[in-house]
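Report on the following structure.
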Amino acid sequence: MGFDEMDVDTIWMDGEFVPWEDAQIHVLTHGLHYGTGVFEGARCYDTEEGPALFRWDEHVERLFQSAKPYEMEIAHSHEELTDATLELIRRQNVESCYIRPIAFYGYDSLGVSPRDCPTRTAIAVWPWGAYLGEEALEEGIEVMVSSWRKHSSSQVPTNAKTTGLYVNSLLAGEEARRYGYAEAIVLNKEGNVAEGPGENLFLVRDGDIYTPGLSESILDGITRDTVITLARDLGYDVYDSVSLSRGELNTADELFFTGSAAEVTPIRQVDNVEIGSGSRGPVTEAIQQRFFEVVERRTDEYDEWFTYV
Ligand SMILES: Cc1ncc(COP(=O)(O)O)c(C=O)c1O
């Protein structure tokens, strides 16, 4: 679905609410040429208590953290970004939506150094359903181990959600789709499992849960953290700083992706190998159910994760 078919007409940009079509930037914007932007992807859920941002403070915090290695000064406070987002949602009457804050180096000069470039900031919200499709949540998806490796954390800060780094995600994801798969799994430079193009990865073996550690060149996913917390609270043992070899994907009982966009998506096949029974496994299902119960506020636990609109 294109944006022009959606019922959203306002973007917050550098402190102002502007009509969607006026949210424009110059073609010589630094961020366009060198990928010098940092961004977030968060969700607002239509909960039993009304629309609520899920783990918003952690998203804003990660945005500010992502800006640090680039010495980017975001000219708006955490609170301003929150107020702008809440107001965008209220003005446009969207009950559930995806939220995309971005900060980037703007137009001044086109040397690689962004020193004189202003930092621009924008926030957009729009309705967005299941990232990999509703069916994917139930049936699971088929994924391909990409021939592209993830950039190493010694080459770029992989824990900063930086616009330019997503060319790697695009290459891996599009390669997978070209071969008929829904998504990719990307190995890191050492050949261990890193993550998906826009998802963290979890593996279930003998009832225990494993996920690659932060030193495996992954993004420190907020859904990853949510799932670790929920799984432990459900009584599972979760090992969250492991290295996983490619071969362990094939022998896993269950695999699933997590992400603000992908939520909790089961993986039923990797390359030519069926995972477990070839459908959503019982541990994945238990965690997925708990996840949706929590984000839709069908339980009053974890109230601290919500910012109500
Ligand atoms: C590369 C990558 N890994 C993992 C994730 C999952 O992170 P989160 O759960 O914070 O959305 C994302 C999505 O933001 C991502 O782009």
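The values are calculated or read from the model by the stated rules, or taken from the named source; none is laboratory data. On a predicted model such as this, the values are computed, not experimentally measured, just so you know. Quick reminder, even Gly has a Cβ in these numbers, built from the backbone with ideal geometry, and neighbours come from all protein chains shown. With ligands, DNA and RNA removed, areas are computed over all heavy atoms of the protein, side chains included. Shrake-Rupley method; radii C 1.70, N 1.55, O 1.52, S 1.80 Å.
For the stretch 205-248, give the percent of accessible area contributed by carbon and sulfur heavy atoms, probe 1.4 Å, rounded to a whole number.
That fraction is 41 percent.
Please identify the longest segment of the chain free of exposed trypsin sites (Lys or Arg not before Pro), where exposed means a DSSP state other than H, G, I, E or B and no more than 15 other Cβ atoms within 10 Å.
Between the exposed loop sites, the longest stretch runs 1-114.
What lysines does residue 189 reach when the alpha-carbon gap must be under 16 Å and sequence neighbours fewer than 8 apart in one chain are set aside?
Those lysines meeting the cut-off are 150.
Per residue of the stretch 148-154, in order, report the coupling 6.51 cos²θ - 1.76 cosθ + 1.60 (Karplus, θ = phi - 60°) as ³J(HN,Hα) in whole Hz, putting x for Gly and Pro.
Result, rounded to whole Hz: 8, 8, 6, 4, 6, 6, 8.
Let me know the charge dipole size of the stretch 3-126 about its Cα centre in debye, to the nearest 20, where only the beta-carbon of Lys, Arg (+1) and Asp, Glu (-1) is charged.
Magnitude of the dipole: close to 520 debye.
Roughly how many percent of the accessible protein surface of the stretch 3-126 is carbon and sulfur, given a 1.4 Å probe and a whole-percent answer?
46 percent
Add -39500 (n - 2.57) for each DSSP H run of 4 or more in the chain, then divide by its residues: what number comes out at 222 nm, to the nearest 500 deg cm²/dmol?
Computed mean residue ellipticity for the chain: -8000 deg cm²/dmol.
Compute the acute angle (0 to 90°) between the alpha-carbon long axis of helix 78-92 and the principal axis of greatest extent of the alpha-carbon atoms of the chain; round to the nearest 10°.
Result, in degrees: 90.
Just in the stretch 163-213: which GluC sites (Glu not before Pro) are loop by DSSP and have at most 15 other Cβ atoms within 10 Å?
Here the sparse-neighbourhood loop sites are 190.
Cα to Cα, under 16 Å, and not fewer than 8 places away if on the same chain: which lysines meet these conditions relative to residue 68?
161
Full-extension gain between residue 18 and residue 65, please, as 0.36 nm times their residue separation minus the C-alpha to C-alpha distance.
That pair, residue 18 and residue 65, stretches by 14.2 nm at full extension.
Enter the Cα centre distance for the pair the stretch 167-191 and the stretch 197-218, rounded to the nearest angstrom.
Taking the Cα centre of the stretch 197-218 as reference, the centre of the stretch 167-191 is 16 Å away.
Keeping every protein chain present and rolling a 1.4 Å probe, give me the accessible area per residue for the chain in Å².
Accessible area per residue: 45 Å².
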